[in-house]
Amino acid sequence: MKKLIVAFFLATLPLLGLAAGGGVHLDDADIDLSDQASLQRGAKYFVNYCLSCHSAKYQRYNRMAKDLGLTEDEVKDNLMFTTDKIGETMEIAMGEQDANAWFGTAPPDLSVIARARGVNWLYTYLRSFYIDEKRPFGVNNLVFPDVGMPHVLWKLQGMQRARYEEVDGHEVFKGFEQVTPGSMSPEEFDVAMRDLTAFLSYVGEPIQMERKRIGVYVLLFIAVFFVLAFLLKKEYWKDVH
Ligand code: HEC
């Protein structure tokens with residue numbers, strides 16, 4: 001038994017490393033999937049700032065309308081730029097070859113990114129672009145070193161520098177310093193990125209909201225069934241005792 005427990009921990013160690021994002025502290029995304037307004041704002045950020053490069057090819061517009069409490073016309077008018085068919089998935093127009101030429105690597109599809117990386121990683125990633133003159137786009141990212149993605153949200157967030165201090169011969173990250181302001185305050189930007197992360201978490205598993213709702217009914221059913229089963233058992237055993 002002991003061996004089994006040790007084997008289990010050894011087997012899960014790499015997973016822990018992955019979740020920690022390479023030793024960088026990840027901020028808590030603290031998303032709320034029951035908050036439809038937050039998901040709607042997240043969808044807006046996604047189609048305006050991400051969908052030019054990244055697809056979400058497993059997400060259909062009409063399914064999103066239903067899940068986010070929007071009418072199909074609202075989605076058509078405000079959230080659909082790359083197609084006019086509500087039953088389509090969220091594709092992009094950019095070809096893979098162009099993408100490789102422009103960014104050195106094709107922007108990956110983001111359908112399941114929240115599940116692959118975790119919501120805390122995503123939330124931290126989106127807020128961790130900083131000025132680095134050595135990089136082609138002039139920015140680097142704290143949780144994704146030498147990332148090929150430009151800081152597409154710089155107008156909202158402004159630009160920041162990473163501050164490092166030397167501790168015992170190592171450079172240790174000590175936080176960001178705002179260099180130029182964005183149109184949002186840091187608090188507003190955090191909320192916006194929480195909304196976007198929530199939206200991507202929803203896209204990663206659209207059924208999850210429904211699953212939680214159904215789960216409540218399942219538990220209620222089990223509770224009621226337990227009472228019935230208990231009464232039945234009492235009835236059966238009455239004559240034996
Ligand atoms: C101008 C094109 C462009 C836009 C717009 C863009 N990205 Fe990216 N993104 C990229 C590229 C290119 C990469 C690949 C980076 C690499 O592998 O070095 C990338 C990588 C990523 C990754 C990391 C994927 C991984 O491999 O784990 C995430 C997450 C991501 N983008 C999210 C977003 C979000 C969210 C938005 C909208 C706010 C966005 N991106 C907008 C080009 C873009």
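Within the set of pairs 6 or more residues apart or between chains, which connect a residue that is closer than 23 Å to ALA101 by Cα and in a helix (DSSP H, G or I) inside region 47-63 to a residue that is at pLDDT 95 or above and within 10 Å of the ligand (Cβ to nearest atom) with Cβ atoms less than 8 Å apart? Cβ pairs passing all conditions: TYR49/VAL152; TYR49/LEU153. The set of residues in region 80-90 that are closer than 15 Å to LYS44 by Cα and either modelled with pLDDT under 90 or loosely packed, with under 15 Cβ neighbours inside 10 Å (or both) comprises PHE81, THR82.
Residue under question is ILE86, and the condition is that it be within 13 Å of the ligand (Cβ to nearest atom), part of a loop (DSSP other than H, G, I, E, B) and over 16 Å from GLN36 (Cα atoms); does it hold? Spelling it out, it is not the case that ILE86 is within 13 Å of the ligand (Cβ to nearest atom), part of a loop (DSSP other than H, G, I, E, B) and over 16 Å from GLN36 (Cα atoms).
Matching residues to (1) assigned to a loop (DSSP other than H, G, I, E, B); (2) free of Cβ contacts under 8 Å to residues at least 40 places away in the same chain:
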residue: ARG115; (1), (2): no, no
residue: TRP121; (1), (2): no, no
residue: ARG135; (1), (2): yes, yes
residue: PHE144; (1), (2): yes, yes
residue: MET149; (1), (2): yes, no
residue: VAL152; (1), (2): yes, no
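Taken as a whole, the condition of being touching a Pro at 6+ places or on another chain (Cβ under 8 Å) and either among the polar types (S, T, N, Q) or at pLDDT below 95 (or both) does not apply to ASP77. Has region 164-186 got any residue that is aliphatic (A, V, I, L, M), within 11 Å of the ligand (Cβ to nearest atom), in a loop (DSSP other than H, G, I, E, B) and in the same structural domain as HIS25 (by TED's automatic domain parsing)? So far as region 164-186 goes, no, none of its residues is aliphatic (A, V, I, L, M), within 11 Å of the ligand (Cβ to nearest atom), in a loop (DSSP other than H, G, I, E, B) and in the same structural domain as HIS25 (by TED's automatic domain parsing).
Check region 101-120 and report whether any residue there is more than 9 Å from the ligand (Cβ to nearest atom), surrounded by fewer than 21 Cβ atoms within 10 Å (Cβ to Cβ) and farther than 25 Å from GLY42 by Cβ. There is at least one residue in region 101-120 that is more than 9 Å from the ligand (Cβ to nearest atom), surrounded by fewer than 21 Cβ atoms within 10 Å (Cβ to Cβ) and farther than 25 Å from GLY42 by Cβ. Contact annotation: no residue pair with Cβ atoms under 8 Å, 6 or more positions apart or on different chains, pairs a residue in region 95-111 that is within 15 Å of MET149 (Cβ to Cβ) and outside the structural domain of ARG135 (by TED's automatic domain parsing) with a partner that is more than 9 Å from the ligand (Cβ to nearest atom) and of a type outside the set (Lys, Arg). Among the residues making up region 145-195, none is touching a Pro at 6+ places or on another chain (Cβ under 6 Å) and surrounded by fewer than 17 Cβ atoms within 10 Å (Cβ to Cβ).
The values are calculated or read from the model by the stated rules, or taken from the named source; none is laboratory data. From a predicted model like this one, the values you see are computed outputs, not experimental measurements. In this analysis, Cβ positions are derived from the backbone assuming ideal geometry, glycine residues included, and neighbour counts consider all displayed protein chains.
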